[in-house]
Each structure stands twice: as C-alpha cells, then as structure tokens.
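The values are calculated or read from the model by the stated rules, or taken from the named source; none is laboratory data. Note that the structure is a prediction, hence the values are computed from the model and not measured. Here Cβ is always computed from backbone atoms with ideal geometry, including for glycine, and neighbour counts include all displayed protein chains.
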C-alpha cells in the first residue's frame, strides 16, 4: 500500500490542480461532493469514533444552511460570517438535543436523534415567515471573502473556499480523535461499562463530541446554502440523515477520510443513476442493501484488508 | 364534558392506530434485536393495497382480511432474503439495511401508484356519526378504538397463553439458550418479522379511510412509533400500549389546545419521561 502521508500529499496536490483541469460543471459537482464529504466526516466523529449512531444528523446540516442563508440574505455579511453563524447555530441547538439524547444509548439514541431531527424539520417547514416553508429560501448570494476582499462568485473561487474548509476540518477532526479526549471517546466505543467503572462519566464526553459533530455538519450546511443559492427543508429530511450514515459505511467507518470518499462515491452513484431514471431511489436502496451485506468495511476498510493480505 | 368525551375518543382512536404499528416494531426489536426502519413503509403498503382491494372488490371488509397476510408474507420474504445474513453485525448495519429496504419499497409504491393521495371509503356500516349520549361521534373512529383494543388483547393473549407465544418469549429473552433447547430460532425470527409487518399492514388498511393513502405516511408513522416505543420501552407490548396512549393523548390535546405546537407537546412528554426513565416506562436497561 502507498504510505498514507504520500497519498495525503497527492490528494492535496490533486485538490489544488483540478480547478484548471475540470470543466465548470464538473468543478461544481466536485464542490458538491466535498460539502457532502464534510457532512459525512462530521458524522463519523460520533458514529465511528464514539459508537453513537445518530439518525438525525441532517438537522444540523440544515440548521447551518438556514443560518447561513439568512445571514447572507438579510445582513449581507461576508461568507465567513455566515459560515460562523451556521456552525454556531448548529452547535447551540445540539446542546439541548445532545443533553437529552445522550441519556440513552444504542438504538434508543438513534431513535431520539431521529425524533428531534424530524421535529426540527417540521419547525423549518411550518415557520413560513422565517424559513419560507416548503419553498425554502432562494437567491442566497455569494458575498466576498471579506469586504473589499476577493470575490467568491466564480465557481473556481468558491471551490477553493470549500476545499480549504474541508481540508482544515479534516485536520481538526484528526487532531480531536488523536487527543486524549479522542482516546476517551474510543474507549467509550469499545466498552462503555469499563469506562464507567474506571471512574469516568461518559456522558459529558458524548455530549461534547455530539456538539463538535453538529458544528462541522453546520459548517457543511453553511457552505451549501451560498453554493447552491438556496436552503430548503429537504436538507433536514430523514432521508438525508440516512444517506449520511450510508456515506460513512460506504467509505469506511472510523477513518474520517473514508467517509469523505464514501460521500463522493455516493453522490456520484446518484448522479449516474438519476441521469438514467427518474426513480433512482430504488436503485440507491438496492446499492445500500448490497453494500451492507457484502462490503461492511467500506472502501477504506476493504482496501486496508486487501493491503494487509497482499 | 361532551367535548372531553370526544377528545378522549379521538385520543383512543389515534392510540389504536399507533399501537398496531408500534407493537410490531417493538416485537421485532425484542426478538430480532433489529430496529426495523422499513416498518412504516409496510404500514404505507397496507394502506395502498387496501385502496387497491377496495377498488377491485368494491368492499372494505375484504381488504381488512386480505391485505395483512400479503404484507406479512412480503415482510417474511424480505427478512429471509436479506436481514437473516447480518444478525451478528453491530445494530447500525441492520438499521441501514432496513433503511435501504424502505427506500426501495417507498419508491416502488410511488412508481406503481403515482404521487397523488388515494382516498378509501369506509364501509357503509361505519359511515357517518353515532349518538353517544348527546355527542355525535364518527363511527369509523370508534371502530379504530375497538380494533386497537381487540388486537392488543389478542397479541397479549397469544404471547402469554399459547405455546408459540412461549417460544417467542424464550427467544426474546435468550436466543442462544432457546436454540439449545430446540427452538428453531431462524424460523421464529422470520415468522415474527412477518407477523409484525402484517400488523403494520393492518394498521395501514385501517388508517386509509381516515388519512387516505399517501406517500410519506410511512415516515410520519414511524417517527411517532419511535416516540411511542422510546416512551414505553422497546420489546414490551405493554409498553407499546402505554406509549400509544400517551402519544395519542399528547397529540390529540396538543392539536386541540395548541394547534401550531402539537408536535412540541409530544416531544416535551417524551423528554420528561426520559429524564426519569431513560429506557422507557416498561423497558429494561441494556
């Protein structure tokens, strides 16, 4: 196998070079892939490293998207302010939700997070004055990086913003999982009872990582709104939460990079299928079922297994 | 006073429907240790098949009898062709597998029936309202109350009084030990999964005259059913009953007094219960 530092460097170079290689629509597809990758990576923090399966992660993506859209539309602030607002709102909402949800474990946790997410979805759907209801918020502008600073209106400029955010987030998340705090999370994943019997309370750890994951999901959503120019309730829907879980599994749970690749593959499969048939969801479902049964380790897990064997 | 009676019956009718769905969800979790995300879609399938049966036969009653077994057989087939192979994996894989199944079924229904909602006429016997000591109440909702109670009692009797129920409870408690004692665990799992799907299908047929058959009814009901089993405790039929009553009441009175925030009431109740009983009222700590 290629040493991981080398492949990381190659990936960075590739990210820096592609804007000059790809056509415009391809570049914007890649931006989409990276945003989804950031979302999946944030989910991997709680799912892969702490063993908490959240079935409502789309809610924080959606909160980020709405906060960013509102800030850009009504206050005309530079994009980074909107990103900050999205990440903060998602994190703030995750505090009470996490406080309740982390009281439960395992499957109860999954159901609670889903219930809260559907609740937030309903709020976004019903609060027409603020969120535009089912129409969502359209016409979100791509404001500059800072006032008088470089414009982000071109697809290349926005791509670089997204790529920078994703790479930075990846490094931050990596630092988190390698810190003593991250080790504690993995200890909770491996054996929560033993962790408790060592005299530590797992709940504060779970709450903190839940909020961190929500912040990064919010960041992804906050990038999504100006990139696509809209925010709508669909991005908070349960289907998107489930797709997030699937991206993580497809890429390789507990690897951070894996989910980013999984998200990219997932969206590419969707792109291809949806160009052939209107009912691509059926085939997505079939792909899900096949991957869950036959490729439980995902891309990275399978590659590592093959690497270890060869 | 009259109003109170009407609200009470509304709550009971809703609870009856919720029970039909959440009982199966809870049963499947108790025996298979799987949270079946596709459970709501089987409910939706029941509603749509109910529509088809009524359209073909012109009667409502046959739908109530024919549709649940059909949904049940489909569920059993899906269990034995997919879920069976991954019971040993962590729960997330089973959840995702059923999520995939839900996508396939939901989209297939969209292909077959199109995007518009399908209305189902209640049978003549249950149309109109009945006079309950000065309160005019829709007969059909009263029927839902009766149906929910009947099925609840039947499931409870089956599990606690029959030999098959005994085996099921044994598998739920300790599947390896039950296996050693000669129970065919794989068959029990398939049959329980099928039976749970049939219950959901029955719920769908029963719901169709009230809510119509529409896309998205599956996810709506599964989220409510999740709240029910979180409140009542997974794997407990009594818990499903209690949870259905609580959620039915919270939604009914919530919709009546605070129409805009009915959902909030349900979640507030759930939150309050979880603070004191994180594993639900009747659930056991894992």
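Inside the range A:124-147, can you point out the residues that are within 14 Å of another protein chain (Cβ to nearest Cβ), part of a helix (DSSP H, G or I) and touching a helix residue (DSSP H, G or I) at 6+ places or on another chain (Cβ under 9 Å)? Don't jump to the end; show me each part of the working.
Our first condition is that a residue be within 14 Å of another protein chain (Cβ to nearest Cβ); within the range A:124-147, this holds for A:124-130, A:133-134.
Right, trim to part of a helix (DSSP H, G or I) and you get A:124-126, A:128-130, A:133-134.
The answer is A:124, A:125, A:126, A:128, A:130, A:133, A:134.
Where in the range B:196-277 are there helices (runs of 4 or more DSSP H), lying fully within it, with 3 or more residues that are farther than 16 Å from residue B:40 by Cβ and more than 10 Å from chain A (Cβ to nearest Cβ)? Don't jump to the end; show me each part of the working.
Numbers: elements: B:217-232, B:237-257, B:262-276.
In the range B:196-277, B:237-257, B:262-276 are the helices (runs of 4 or more DSSP H) which contain 3 or more residues that are farther than 16 Å from residue B:40 by Cβ and more than 10 Å from chain A (Cβ to nearest Cβ).
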Take the residues of the range B:112-132 that are under 24 Å from the mean Cα position of the chain (by Cα) and in a helix (DSSP H, G or I): which is nearest to residue B:209 (Cα to Cα)?
B:126
When you look at residue B:97, is it touching a residue at least 24 places away in the same chain (Cβ under 8 Å) and buried (at least 16 other Cβ atoms within 10 Å of the Cβ), yes or no?
no
Could you pull out the residue among A:226, A:204 that is closer than 30 Å to residue A:74 by Cα and part of a helix (DSSP H, G or I)?
A:226
Hey, residue B:108 hits all of (1) free of Cβ contacts under 8 Å to residues at least 24 places away in the same chain; (2) in contact with a helix residue (DSSP H, G or I) (Cβ under 9 Å, 6 or more places away or on another chain); (3) more than 21 Å from residue B:215 (Cα to Cα) but one; which does it fall short on?
(3)
Hits in the range B:238-265 - residues which are modelled with pLDDT of 80 or more and either within 19 Å of residue A:113 (Cα to Cα) or crowded, with 22+ Cβ neighbours inside 10 Å (or both)
B:239, B:240, B:241, B:243, B:244, B:246, B:247, B:248, B:250, B:251, B:252
Residue ID - nearest to the other protein chains (Cβ to nearest Cβ), chosen from residues in the range A:270-283 that are assigned to a helix (DSSP H, G or I) and out of contact with any helix residue (DSSP H, G or I) (no Cβ under 6 Å at 6 or more places or on another chain):
A:270
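So, in the range B:100-123, exactly how many residues are away from every other protein chain (no Cβ under 11 Å) and either within 24 Å of residue A:47 (Cβ to Cβ) or buried (at least 22 other Cβ atoms within 10 Å of the Cβ) (or both)?
Step one: of the range B:100-123, the residues away from every other protein chain (no Cβ under 11 Å) are B:113-123.
After this cut, where a residue has to be either within 24 Å of residue A:47 (Cβ to Cβ) or buried (at least 22 other Cβ atoms within 10 Å of the Cβ) (or both) as well, the list is B:120.
Residues in the range B:100-123 being away from every other protein chain (no Cβ under 11 Å) and either within 24 Å of residue A:47 (Cβ to Cβ) or buried (at least 22 other Cβ atoms within 10 Å of the Cβ) (or both): 1 in total.
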Which residues, taken from the range A:125-152, are surrounded by 13 or more Cβ atoms within 10 Å (Cβ to Cβ) and out of contact with any strand residue (DSSP E or B) (no Cβ under 9 Å at 6 or more places or on another chain)?
A:125, A:126, A:127, A:133, A:141, A:142, A:143, A:144, A:145, A:152
Step by step: first the residues of the range A:90-123, then only those that are away from chain B (no Cβ under 13 Å) and surrounded by fewer than 24 Cβ atoms within 10 Å (Cβ to Cβ), then the one that is farthest from residue A:138 (Cα to Cα). Which residue is that?
A:95
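Between A:260, A:289, which is within 12 Å of chain B (Cβ to nearest Cβ), touching a helix residue (DSSP H, G or I) at 6+ places or on another chain (Cβ under 6 Å) and crowded, with 21+ Cβ neighbours inside 10 Å? If you could, list the steps in order and put the result at the bottom.
On the way: A:260 fails: within 12 Å of chain B (Cβ to nearest Cβ).
The unique qualifying residue is A:289.
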Tally, over the range B:154-186, of residues that are loosely packed, with under 13 Cβ neighbours inside 10 Å and farther than 15 Å from residue B:27 by Cβ:
8
Given the conditions (1) under 24 Å from residue B:101 (Cβ atoms); (2) touching a residue at least 12 places away in the same chain (Cβ under 8 Å); (3) away from chain A (no Cβ under 14 Å), and given that residue B:170 satisfies all but one, which numbered condition is not satisfied?
(1)
When you check residue B:64 against the structure, is it more than 16 Å from the chain's Cα centre (by Cα), in a helix (DSSP H, G or I) and more than 25 Å from residue B:238 (Cβ to Cβ), yes or no?
no
Of all residues making up the range B:117-141, the number that are free of Cβ contacts under 8 Å to residues at least 12 places away in the same chain and under 25 Å from residue B:48 (Cβ atoms)
2
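Check B:135, B:145, B:167 and return the single one that is more than 18 Å from residue B:219 (Cβ to Cβ) and under 22 Å from the mean Cα position of the chain (by Cα).
Working: B:135 fails: under 22 Å from the mean Cα position of the chain (by Cα); B:167 fails: under 22 Å from the mean Cα position of the chain (by Cα).
So the residue among B:135, B:145, B:167 that is more than 18 Å from residue B:219 (Cβ to Cβ) and under 22 Å from the mean Cα position of the chain (by Cα) is B:145.
Does residue B:67 satisfy being under 18 Å from residue B:212 (Cα atoms), surrounded by 21 or more Cβ atoms within 10 Å (Cβ to Cβ) and touching a residue at least 60 places away in the same chain (Cβ under 8 Å)? Reasoning before the result, please.
Working: under 18 Å from residue B:212 (Cα atoms): yes; surrounded by 21 or more Cβ atoms within 10 Å (Cβ to Cβ): yes; touching a residue at least 60 places away in the same chain (Cβ under 8 Å): yes.
Yes; evaluated as a whole, the condition is true for this residue.
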